[in-house]
Amino acid sequence: MLKKLWWVGLTGVLFVGCQGGQNDTATTKAPEVKAQASTSQVPSATPTGQVSGGRPYEIVGSEVWDVPDPASGRNYQVFVALPKSYGEDPARRYPVLYVTDADYAFPLIRQIARRLNGEGPQIQDFILVGLSYAVGEEGMPSRRRDYTPTAVGTSGAPKDAVHGESAAYIGYLRDQVLPFVAQHYRSDEQTRLFLGHSYGGLLGTQILLSQPQLFSGYIIGSPSYWYDDHVMDRMESAYAKQHQDLAARVYMYVGQYEARRYGKAYDMVSDAERMAQTMRARHYPSLQLSLDVLNDEDHLSVAPRGFIHGLKMLLAEKTP
């Protein structure tokens, strides 16, 4: 029972309301930040235990930096986890994975990556960057505003809810977060990856179809393509009219039970399949796209499996 309650609590902020319609090239300019990281910084030795005395549990080896958005005046934080090998070779550069909904996804992906390489390397070492909600805000209001493309909103949202500011948030990522990481860490700027689930997957698709050069690879999980009467289908069509190629590696996943035949208000399985089929039919020379419908999973349970499959696809260990 305790394990069940823990899992429900952990997933609640990320996913409740994401199906809410039924209820609801980085720049060279470095950002101004409240705290500065040293370019020569390496992870310290991992302590053998946590600080006791009733103090909060800490994610050992992680870092937190304030990276405010001067355009909106809001403060956001980035959470950073460096691989153990980071301090061993000062010349080595690492892929970077940026993850939305960091309160949930950052600690989970950090441990998944460690486990995948527990018996020999399956995926490349990478720098993990978690994208926080706006400081001082609850998760749902922040992601509802920052991850959605139009102000239409959803029927079950509060009357004062704000939607549709994802274009501004994408600008914040481009102009502030990506340069911050490039300046302070040994990142491989040719291998920047994005991961988002639900509204985060909606945001990832918008980046892919508006500024695909920001990331070379995308993990798009259970994307909320139902939003605003399938507005992302219209964005995809608009992109195709203006472009002959889409240079990206894309892994999409959705749970088997995220479909109307299982009592859901929206058929997220069919939506994801339609988007994947449409994009493949464009015959973009540089697009690599894979979609998995993961069996026995729903919107609340599918993310960990999707994360694992996505990491294996985008960060597969290179054979010597």
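Brief remarks follow.
- Pairs where the first residue, in segment 98-127, is of a type in the set (Lys, Arg) and the second is part of a strand (DSSP E or B), C-beta under 6 Å, 6+ apart: 110/81; 110/128
- Qualifying positions in segment 208-237 - of a type in the set (A, V, I, L, M) and within 16 Å of residue 276 (Cα to Cα): 208, 209, 219, 220, 231, 232, 235
- In segment 103-134, of all residues being within 15 Å of the chain's Cα centre (by Cα) and assigned to a loop (DSSP other than H, G, I, E, B), the one that is nearest to residue 318 (Cα to Cα) corresponds to 126.
- Residue match in segment 139-159 (condition: of a type in the set (A, V, I, L, M) and crowded, with 21+ Cβ neighbours inside 10 Å): yes
- In segment 54-102, the residue that is nearest to residue 300 (Cα to Cα) out of those that are at pLDDT below 95 and in a helix (DSSP H, G or I) is 84.
- Summed over segment 257-280, residues that are buried (at least 17 other Cβ atoms within 10 Å of the Cβ), farther than 18 Å from residue 234 by Cβ and hydrophobic (A, V, I, L, M, F, W, C) total 2.
- Scanning segment 201-235 for residues that are under 20 Å from residue 269 (Cβ atoms), in a loop (DSSP other than H, G, I, E, B) and out of contact with any strand residue (DSSP E or B) (no Cβ under 8 Å at 6 or more places or on another chain) returns 224, 225, 226.
- Selection of segment 100-135 for residues being touching a strand residue (DSSP E or B) at 6+ places or on another chain (Cβ under 8 Å) and among the β-branched types (Val, Ile, Thr) yields 100, 109, 123, 127, 129, 135.
- Residue match in segment 180-187 (condition: closer than 25 Å to residue 63 by Cα, aromatic (Phe, Trp, Tyr), modelled with pLDDT of 95 or more and in contact with a helix residue (DSSP H, G or I) (Cβ under 6 Å, 6 or more places away or on another chain)): no
- Within segment 281-301, being farther than 18 Å from residue 221 by Cβ and surrounded by 14 or more Cβ atoms within 10 Å (Cβ to Cβ) holds for 282, 284, 287.
- If only residues of segment 159-200 that are of a type in the set (Gly, Ala, Ser) and assigned to a helix (DSSP H, G or I) are counted, the one that is nearest to the chain's Cα centre (by Cα) is 200.
The values are calculated or read from the model by the stated rules, or taken from the named source; none is laboratory data. The structure presented is a predicted model; accordingly, all values stated were derived computationally and were not measured. Cβ atoms come from the backbone with ideal geometry, glycine included; neighbour counts cover every protein chain shown.
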